[in-house]
Amino acid sequence: MGNLEIDYKFELVNNLFYKIPEETDANSLIKKIEKKGMKVDKERSRLNLLIEGYNDNLQIDAELKKYFQEPQGKIKGYHLMLTSDQLEGELELTINTYRKLENTKARASSSRIGMSMSDLKRTQGITGEIKFKAKVLQENAVKVIEELYETIESYFSNLNEVHKQLNESTKKTKSLFD
């Protein structure tokens, strides 16, 4: 029998609906994952941190255990090693910040030669990958990976916040017209 390997890549990109890793907390993400019956190996897990300095910004790769002892910098990415009671094997979760600037105007324009920041549209979110490696085929591997993906999607989602703001604004609008 051969080895089982599953590699699932995903993108959650939308300015309104998704947070980026800099807007998150490693401790709350780990607690959310561990509520689903998975354990994070703090010894082997790593964080990609951005530490702002006087002249420049330094991007470093730090151990999760050391980060909890002395938290510093903004989180740019996660590389978490997970184990699950439901699986025999190892789950590897990687999450990184996604940012892109796109030009919204046509390049050749007779009315304007230059370009301004208002011509650019910023898109941000996360990209990620879930890898699972095991020595034997397991029926519930896909189910566990889907559960992990749904956990990540709900953690990075801003939809609850958007719904709260919409409800507040409709209440204010109704009170104005009553």
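The values are calculated or read from the model by the stated rules, or taken from the named source; none is laboratory data. Just so it is clear, the structure is predicted and the values come from calculations on it, not from any experiment. Here Cβ is always computed from backbone atoms with ideal geometry, including for glycine, and neighbour counts include all displayed protein chains.
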Checking Lys100 against (1) more than 12 Å from the chain's Cα centre (by Cα); (2) surrounded by 17 or more Cβ atoms within 10 Å (Cβ to Cβ), the condition it does not meet: (2)
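Answer yes or no as to whether Glu34 is at pLDDT 90 or above and over 17 Å from Ala62 (Cα atoms).
Working: at pLDDT 90 or above: yes; over 17 Å from Ala62 (Cα atoms): yes.
When the stated conditions are applied, Glu34 passes them.
Take Lys19 and decide whether it is surrounded by 14 or more Cβ atoms within 10 Å (Cβ to Cβ) and within 20 Å of Ala134 (Cβ to Cβ). Spell out the reasoning first.
Numbers: surrounded by 14 or more Cβ atoms within 10 Å (Cβ to Cβ): yes; within 20 Å of Ala134 (Cβ to Cβ): no.
No: the conditions fail for Lys19.
Just checking, which of Leu80, Leu49, Leu58 is without any contact (Cβ under 8 Å) to a residue 60 or more places away in the chain, over 30 Å from Gln138 (Cβ atoms) and within 15 Å of the chain's Cα centre (by Cα)?
On the way: Leu80 fails: over 30 Å from Gln138 (Cβ atoms); Leu58 fails: within 15 Å of the chain's Cα centre (by Cα).
Testing whether each residue is without any contact (Cβ under 8 Å) to a residue 60 or more places away in the chain, over 30 Å from Gln138 (Cβ atoms) and within 15 Å of the chain's Cα centre (by Cα) leaves just Leu49.
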Output for the stretch 65-104, where each listed residue is acidic (Asp, Glu) and within 22 Å of Ser154 (Cβ to Cβ): Asp85, Glu92
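Results for (1) in a helix (DSSP H, G or I); (2) out of contact with any His (no Cβ under 9 Å at 6 or more places or on another chain); (3) not basic (Lys, Arg), shown as yes or no for each residue.
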| residue | (1), (2), (3) |
| --- | --- |
| Glu11 | no, yes, yes |
| Asn27 | yes, yes, yes |
| Leu47 | no, no, yes |
| Ile95 | no, no, yes |
| Tyr98 | no, yes, yes |
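Are any of the residues in the stretch 51-71 β-branched (Val, Ile, Thr) and surrounded by 15 or more Cβ atoms within 10 Å (Cβ to Cβ)? Break it down stepwise before answering.
Going residue by residue through the stretch 51-71, those that are β-branched (Val, Ile, Thr) are 51, 60.
Filter once more, so that each one left must be surrounded by 15 or more Cβ atoms within 10 Å (Cβ to Cβ): none.
The answer is no; no qualifying residue exists.
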